[in-house]
1. Treating cross-link reach as a plain straight distance, find the lysines whose alpha-carbon is under 19 Å from the alpha-carbon of residue 153, omitting any fewer than eight places away in the same chain.
2. Can you give me the Rg/Rh ratio for the chain, using Cα atoms for both radii and the Kirkwood formula for Rh?
3. Tell me, what is the 1.4 Å probe accessible area of residue 395, in Å² to the nearest 10?
4. Nearest 10 degrees, 0 to 90: what angle lies between the long axis of helix 60-75 and the longest principal axis of the chain (Cα atoms)?
5. Can you list the lysines whose alpha carbon is less than 18 Å from that of residue 459, not counting same-chain residues fewer than 8 positions off?
6. Send over a whole-number figure in Å² for the accessible area per residue of the range 343-466, probe 1.4 Å.
7. DSSP loop GluC sites (Glu not before Pro) in the range 6-106 with at most 12 other Cβ atoms within 10 Å of their Cβ, which ones?
8. On a 0 to 90 degree scale, rounded to 10, what angle separates helix 171-182 from the longest Cα axis of the chain?
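The values are calculated or read from the model by the stated rules, or taken from the named source; none is laboratory data. Values in this document were obtained by computation on a predicted structure and should not be read as measured data. Note that we place each Cβ from the backbone using ideal geometry, even for glycine, and neighbour counts take in every protein chain shown. Only protein heavy atoms, including side chains, enter the accessible area calculation; ligands, DNA and RNA are left aside. Shrake-Rupley method; radii C 1.70, N 1.55, O 1.52, S 1.80 Å.
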Amino acid sequence: GGTMKRRAGEREKELKKKKLLEELGENRLPYMTPADADFHQLWKTKYSKLVFRKSDTVPEELHQMVQKGFLTLREHDCFFQDLVRIKGKDFLTPVSRILIGNPGCTYKYLNTRLFTVPWPTEGYDIKYCSPQIHDACKALIRLNDYLHTEAVKALQGQNLFETKEMKDTTVTDREQRSAASLTEQRSVSKDPSGVCVPEDDSVSLKNRTSYNLTLLNYMDPLQMLYLKQEPYFGMGSMAVSWHHDENLVDRSAVAVYSYSCGDSAVEESNAQELKGRDPAVWHVGLKVAWDIETPGLAVPLHQGDFYLMLDDLNMTHQHCVLAGLSPRFSSTHRVADCSRGTLEYIFGQCELALQNLQTDSDSMALSLKSLEAAGVKQVEEIHNEVEFEWLRQFWFQGKRYLKCTDWWLKPMAKLEEFWRKMEIMTSLVLSEIREQQGIEEQRSETISCFLLVLKERQKLRKEWTVR
């Protein structure tokens, strides 16, 4: 169901895009940079949920910690290009990345699951490969706290969160806000009157700004043989194509700290007479999704600047990253939707599956408690989840996390143990169905459920072998 629908949606988007590019032909849509007279007007009216802070607003000591951390991680070869899957094909990303964040947390993008290098967290014993790597991770959790505070301030400044005091707002405004807050899980409590009211604004604020991880990016454009050209506006070379960030908590803020580390001679080219953006400087590009009326925006990013994408900006707009000439790091802080992406969750699933396995106290023989179709199906689906969302995702990107920490090895070994038991459970279903004399229709229901999940397993194993 989900896959088919997604494929159809992707196809529709592809066609829209193709049609738009054909319509454009040699022409390009207009975009603005700070050099344009109406730049700030456009920003205020069409891109108001993008908040930008110059580097001099950030404490100097934090800049130094974080920038040193970036360089440490580069020295230790901790940045990797990801093999991602787009429309059934695998691509290496031009940008190299590493994920740092809460222990046991993962982030999935473009069908690739990244596993956090844990940042120092109270109550966790995390061994790093070197004190320098520990310091780098610590610098990033410090940056994370800082950006969390800044995001809360920015949201309060724009009043972009639901408040209890909505008496003074107009009815339509209130209805819109309530509707918006309804889409957010856990953020709605029932009033005795049966009316839904958004929960306390401080909770909603916290839910949408408590970053649980940061995806670090690094790229040296001069090492890249080929970079895609931005197709709609003619903005030049892209490090990252137009996209929405995926796998985030609904309406959560994203914060991006940028560090272009070339010598500052590269910073400004003398080409300011040129129309458009300075190709020597890194920029973030923004556009309104599926809209060709609104001009695009290209905002220059200098060493130590950061920006925030607030509220639903990431859903209504798309963004891209335009490459300058110097090497650049960025730290992109997110509230990842971890509902199915934490160790705690997948271990819980495994325990659930193993409840259907019993051991005979005398013979120690293993058997299944029940062959009821729904139960069998659930166990086999969890089997697939452990194998394809966790074990294979972890090992196919190689042992790269070991450059920073061995933290994931123990939980992965434990998951593999669970998986072995589930392999036994699969073979038990087969042998017990053969012997089962039970009710014919119940038996055939179990068989058809079981076969469906097994076919999926076969298909996915083939796909992963190819990857």
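1. Within the straight-line limit of under 19 Å, residue 153 reaches these lysines: 44, 49, 54, 164, 206.
2. That ratio equals 1.01.
3. Number for this one is 100 Å².
4. 60 degrees
5. Excluding near neighbours in sequence, the set is 87, 89, 377.
6. About 56 Å² of surface per residue is accessible.
7. Qualifying residues, ordered by number: 26.
8. Around 50 degrees separate the two axes.
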